[in-house]
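Accompanying notes for the structure given below.
The values are calculated or read from the model by the stated rules, or taken from the named source; none is laboratory data. Here the structure is a predicted model, which is why all the values come from computation and not from measurement. Here the Cβ positions follow ideal geometry from the backbone for every residue, glycine too, while neighbour counts run over all protein chains shown. Accessible surface is based on the protein model in full, side chains and every heavy atom, while ligands, DNA and RNA are left aside. Shrake-Rupley method; radii C 1.70, N 1.55, O 1.52, S 1.80 Å.
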Amino acid sequence: MAVEMGSPSADGLGDVVRALEKWQDDTVPVQLHPGDVGWYWRFGAERTAQATRTWSRAGEILAVGLLDGADLLRLAFAPRALRDEELARQVASDVSGRGVLPEGKVSVEAPMSALIRDVLSEDGWGSGEPWTLLRRDLGAPVPDPGVDIEVVGPEQAREWAAALRASFGGSTSTDERWHAMAAGVPYAGARCLAVRDERGEMVAVVIVWSAGVGRMGLIEPMGVHREHRGHGYGRAITMAGARALRELGSSSVVVYTPSSNVGAVATYRSAGLEQVSERRDLCRDARHAP
Ligand SMILES: CC(C)(COP(=O)(O)OP(=O)(O)OC[C@H]1O[C@@H](n2cnc3c(N)ncnc32)[C@H](O)[C@@H]1OP(=O)(O)O)[C@@H](O)C(=O)NCCC(=O)NCCS
């Protein structure tokens, strides 16, 4: 049977999320997580569906892509299909030529060991900036971070969004987006957390996303208000996120961050995550003809 590319309707996103959940196994490379789709859901179900692609054979989803921004496609594969040649060639061909990505300079994030990396490299795609993978096993308990942790619900959405804007330059976070995200399918397995300073201001924020019991959980996003850095809040909120994932039954907590973000790498390490490996996106240069 041939491999076919599809784009789900908003109602069909549940099937895509369930497929991604099943693939978050500690024995396979870290790849696009249901939490990444859940975080994208802040733009609403319709836009999330429009940004999603699936590749299926005989009705079974074998690969999922999320167009995360104008020029980046992030991919995940069913573990047993990571080296499936027909699938890799079809995805590569669709990504290179069928209007999935725009013309010009574009990037594809694909799990290490996926055959599509070889196929795109052979086609002349280069590599982008390095991203560092950090991971903590959740078999053993995570120590108490020693600060009060607040579980964020609809009432705190506005404050949470403001704290996220104060953490990330260029963030367009709003409470409307928080509500859209919280209505998404993946959010059922997520926890949105915050820490306040002694005056009650929200200073550190995180969302952790479970993919179900015995599977990897994801941190996305995590940040500390720029006026409150260097006081251990980043470490504390990361540890709180890891503890929440353990309660949800996750086997591990993982996060990818640009290797150049030394503060983030140091903070995750300080919270007990270990640097595992680096990964680079595959990039097509503006001059490279598809
Ligand atoms: C990265 C970030 C969360 C750190 O928050 P923070 O509250 O200042 O971090 P902490 O005070 O808890 O520091 C934790 C550890 O990281 C180290 N660290 C923090 N920022 C650092 C930096 N810029 N350079 C080097 N080390 C740094 C601290 O020294 C500390 O180390 P230690 O535990 O060994 O003493 C914050 O700078 C931030 O929000 N950045 C922008 C958003 C971002 O990059 N988020 C993460 C990627 S998704």
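Per-structure values
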{"item": "Condition met for residue 45 (open to solvent by less than 30 Å² (accessible area, probe 1.4 Å) and either assigned by TED's automatic domain parsing to the domain that holds residue 123 or aliphatic (A, V, I, L, M) (or both))", "result": "no"}
{"item": "Matching entry among 67, 134, 72, 138 (being in contact with a helix residue (DSSP H, G or I) (Cβ under 7 Å, 6 or more places away or on another chain), within 19 Å of residue 221 (Cβ to Cβ) and modelled with pLDDT of 95 or more)", "result": "134"}
{"item": "Lone unmet requirement of (1) open to solvent by less than 80 Å² (accessible area, probe 1.4 Å); (2) more than 7 Å from the ligand (Cβ to nearest atom); (3) of a type outside the set (D, E, K, R); (4) touching a Phe, Trp or Tyr at 6+ places or on another chain (Cβ under 9 Å) for residue 234", "result": "(2)"}
{"item": "Condition met for residue 71 (in contact with a Lys or Arg (Cβ under 7 Å, 6 or more places away or on another chain), over 27 Å from residue 182 (Cβ atoms) and in the same structural domain as residue 107 (by TED's automatic domain parsing))", "result": "yes"}
{"item": "Long-range neighbours under 9 Å by Cβ, at least six apart or interchain, first residue assigned by TED's automatic domain parsing to the domain that holds residue 236 within segment 256-276, second within 8 Å of the ligand (Cβ to nearest atom) and in a loop (DSSP other than H, G, I, E, B)", "result": "263/229; 270/232"}
{"item": "Residue among 203, 224, 213, 185 that alone is open to solvent by less than 10 Å² (accessible area, probe 1.4 Å) and either touching a residue at least 24 places away in the same chain (Cβ under 8 Å) or not assigned by TED's automatic domain parsing to the domain that holds residue 245 (or both)", "result": "203"}
{"item": "Of residues in segment 49-82 being surrounded by 14 or more Cβ atoms within 10 Å (Cβ to Cβ) and of a type in the set (Lys, Arg), the one nearest to residue 211 (Cα to Cα)", "result": "74"}
{"item": "Top-ranked residue of segment 250-289 - restricted to ones that are open to solvent by 20 Å² or more (accessible area, probe 1.4 Å), of a type outside the set (Lys, Arg) and within 9 Å of the ligand (Cβ to nearest atom), ranked as nearest to residue 30 (Cα to Cα)", "result": "256"}
